[in-house]
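See structure below.
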Amino acid sequence: MITNSKEILSQDEKTALRERIQDICKKAVSELMDPTSQMSDEERAQYQKIFQKLKQGKRLSSAEMNYLQIHNPTMYQKALRVQNAKERLQTRLEHCRSKEEANDVIAMEMSAVSDKDPDREYMLAGLQETAKEYRQDSHYSRLPDTREQAKKTKNRAYHFEEDDSKNTVYSPI
C-alpha cells in the first residue's frame, strides 16, 4: 500500500516526465516566437519575401506593411522604425550643398544607430540602401565635391542674381 503520494512515481519516471514537460514547453514557446508556425506555405513564402526585403533595406509597399501589421506587429514596428529613419536621412540629404556634406550626413546617421539597438541590422541596411539610391540620383552627381566649392558656387550665383536684378524688372507673379 502506498502511504505517501510522492512515492507514486519512481525517480526515472519523474525525470522522464520532467523532460517531456520541458519539451512541450519549448515547442509551445518556439511556436509563439515563430510568426510562421501557423502559416500556410503561401503565407510563409510571402512573409519570407517581406522579411528579406526588410533585411536588405528595401522599401516595403503599403500592402506589405499592412500584412506585417496584421500578422506580425513586432516586425511591423521594426519596419516602421526603419522607414522613418530612411525618410529622415532622405530629408537631410536633400538639403546638402556638397557631396562632402552628404557623405558626412550619411556617416552621422549610421553612427547614430546604437550597437545595442535590437533592430541595428535592419536600420543599417535601410540607411545604406537610402544612401546608395541617393548617390545614384542626378541631384547628387550635380553637387560640388567639397563645401568650399559649394560656397564659391553659391557666391557666384548670388552675384549673378544681383547683377541681373539691376537690369530686369520682375513681376510679383
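Just so it is clear, none of the values below were taken in a lab; they were calculated from the coordinates. For clarity, every value in this text was computed on a predicted model and none was experimentally measured. Neighbour counts run over all protein chains shown; Cβ positions are idealised from the backbone, glycine included.
Provide the FRET efficiency to the nearest 0.05 for the ASP115-HIS139 pair, computing r from the beta carbons and using R0 = 22 Å.
The pair ASP115/HIS139 has a calculated efficiency of 0.10.
Along the principal axes of its C-alpha atoms, what lengths does region 51-148 span, in descending order and rounded to whole Å?
The Cα atoms of region 51-148 stretch 50, 29, 18 Å along their principal axes.
Arrange the peptides 105-115, 78-88, 13-23, 128-138 so that the one whose residues have, on average, the most other Cβ atoms within 10 Å appears first.
Ranking the peptides 105-115, 78-88, 13-23, 128-138 by packing returns 78-88, 128-138, 105-115, 13-23.
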